[in-house]
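The values are calculated or read from the model by the stated rules, or taken from the named source; none is laboratory data. As the structure is a prediction and not an experimental result, all values here were calculated from the model. As a convention, Cβ positions derive from the backbone with ideal geometry for all residues, glycine included, and neighbour counts pool all protein chains shown. Note: areas computed on protein heavy atoms with side chains; ligands, DNA, RNA excluded. Shrake-Rupley method; radii C 1.70, N 1.55, O 1.52, S 1.80 Å.
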Amino acid sequence: MKQAITFPRCEGVYTRQAHCDIPAGLYEREQGREGFFGAATHSLHPHKPTGWVSWEGPLRPHLLDLNTLPPSEACPWHSARIMHNAHLQLRFWKTSGAMDHLVRNADGDDLLFFHRGEGDFYCDYGHLSFREGDYLLIPRGTAWRIEARQPLEALMIEATADLFQLPDRGIAGRHAQFDLAVLDTPRLDAEFKAQQGEFETRVRIKRANQITTVTFPYNPLDTVGWHGDCLPVKLNWRDIRELLSDRYHLPPTAHATFLCKTVVVCTFAPRPIETDPGALKVPFFHNNDDYDETIFYHAGQFFSRDNIRPGMLTLHPAGFAHGPHPKAFKMGQSAERKYTDEVAVMIDTRYPVTVDELPAGVENPDYVNSWRE
Ligand SMILES: [Fe+2]
């Protein structure tokens with residue numbers, strides 16, 4: 001049996017409402033548990049929590065420019081793996097043309113986010129077309145392949161702890177953020193029927209990260225009908241209607257889109273910026289001590305960051321306080337911007353991730369110094 005320690009106590013100078021009415025000359029830092037859902041303390045400091053002058057040792061924030069990665073093979077299992085832990089593998093897949101085989105992931109669910117390009121997705125349950133800005137959630141065990149109409153760049157989020165589901169919308173109601181009716185599912189349409197036939201087809205099955213190739217004398221994507229609810233689903237960020245609070249900067253988890261036991265995927269989509277004079281206009285300084293935080297930048301100007309371009313990815317591991325970069329913080333204080341047009345995908349992981357070995361030039365080794373004034 002266990003019981004949470006839930007008393008709020010106050011000491012010295014503090015605000016009655018987190019993230020609001022921070023006294024001039026002070027900076028607020030949130031030290032929080034359970035990925036913004038748990039106990040938290042907000043402390044006020046005369047210095048920014050990101051004011052370090054030296055940083056030595058293995059814990060460090062990472063900035064990766066995925067634009068510099070070379071093209072991958074047409075097989076997603078051979079795309080560049082960026083980071084991993086026991087429950088997650090994150091890949092960046094740059095491909096073009098049509099896959100000449102099917103794949104099936106027996107390790108976990110694959111959540112693809114298409115950063116560039118468009119094409120067609122064929123699977124056990126039919127056909128779906130997709131374009132940049134789409135998420136495509138593929139349940140474990142689905143056989144599929146892709147035909148790219150334009151060169152593709154996709155973030156592949158593979159989660160093996162359990163299946164991806166949607167967050168509980170709580171008091172916002174079940175139609176908030178997006179209506180379930182906007183989720184597209186595969187159809188047994190003319191395109192699906194046109195790709196069927198009696199030709200040799202290989203299926204590359206991934207299990208325990210090893211690949212087994214099974215060959216059929218026909219295309220096994222030969223479904224004539226189905227009923228059920230274990231299906232790939234497609235969601236474009238343009239169909240996400242952000243939860244808003246004009247008077248309070250909502251935590252990142254208010255933007256949760258998909259989650260499983262150990263991975264939370266959030267989407268930062270365009271929205272108005274808070275206008276209340278006392279409300280923070282940029283994310284608060286924080287250490288999110290139970291999670292490693294990864295953000296992939298898709299489009300727009302990233303309102304809490306300096307010098308970040310689309311196609312880049314940052315990893316802020318648990319264990320250090322971070323927050324807006326200096327220029328972004330200043331813009332937030334002056335309330336210069338009324339609207340953010342950024343589109344980004346955040347992947348929070350309950351267990352620490354390891355960055356994989358990447359080609360020279362992908363990682364910016366100076367990122368840890370990017371908060372310097
Ligand atoms: Fe963070």
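Name the single residue, out of those in region 329-372 being at pLDDT below 95 and assigned to a strand (DSSP E or B), that is surrounded by the most Cβ atoms within 10 Å (Cβ to Cβ). So, considering only residues that are at pLDDT below 95 and assigned to a strand (DSSP E or B), the one surrounded by the most Cβ atoms within 10 Å (Cβ to Cβ) is THR340.
Within region 60-80, being over 24 Å from ARG305 (Cβ atoms), touching a residue at least 24 places away in the same chain (Cβ under 8 Å) and open to solvent by less than 30 Å² (accessible area, probe 1.4 Å) holds for CYS75, PRO76, TRP77, SER79. Residue count for region 209-238, restricted to those that are touching a Gly at 6+ places or on another chain (Cβ under 8 Å) and either free of Cβ contacts under 8 Å to residues at least 12 places away in the same chain or within 22 Å of VAL265 (Cα to Cα) (or both): 3.
One residue stands out among those in region 291-328 that are buried (at least 20 other Cβ atoms within 10 Å of the Cβ) and among the acidic types (Asp, Glu): the one that is nearest to the chain's Cα centre (by Cα), which is GLU293. Against the definition (within 9 Å of the ligand (Cβ to nearest atom), of a type in the set (Val, Ile, Thr) and assigned by TED's automatic domain parsing to the domain that holds ALA344), how does ILE295 come out, yes or no? When the stated conditions are applied, ILE295 passes them.
Scanning region 1-59 for residues that are among the polar types (S, T, N, Q) and open to solvent by 100 Å² or more (accessible area, probe 1.4 Å) turns up GLN3, THR6. For the residues ARG202, ARG247, ARG271, the requirement of being more than 15 Å from the chain's Cα centre (by Cα), basic (Lys, Arg) and farther than 25 Å from GLU336 by Cβ singles out ARG202. Number of residues in region 209-252 that are away from the ligand (no atom under 16 Å from the Cβ), in a loop (DSSP other than H, G, I, E, B) and open to solvent by 40 Å² or more (accessible area, probe 1.4 Å) equals 17. For region 180-208, residues that are touching a residue at least 24 places away in the same chain (Cβ under 8 Å), open to solvent by less than 80 Å² (accessible area, probe 1.4 Å) and out of contact with any helix residue (DSSP H, G or I) (no Cβ under 6 Å at 6 or more places or on another chain) total 15.
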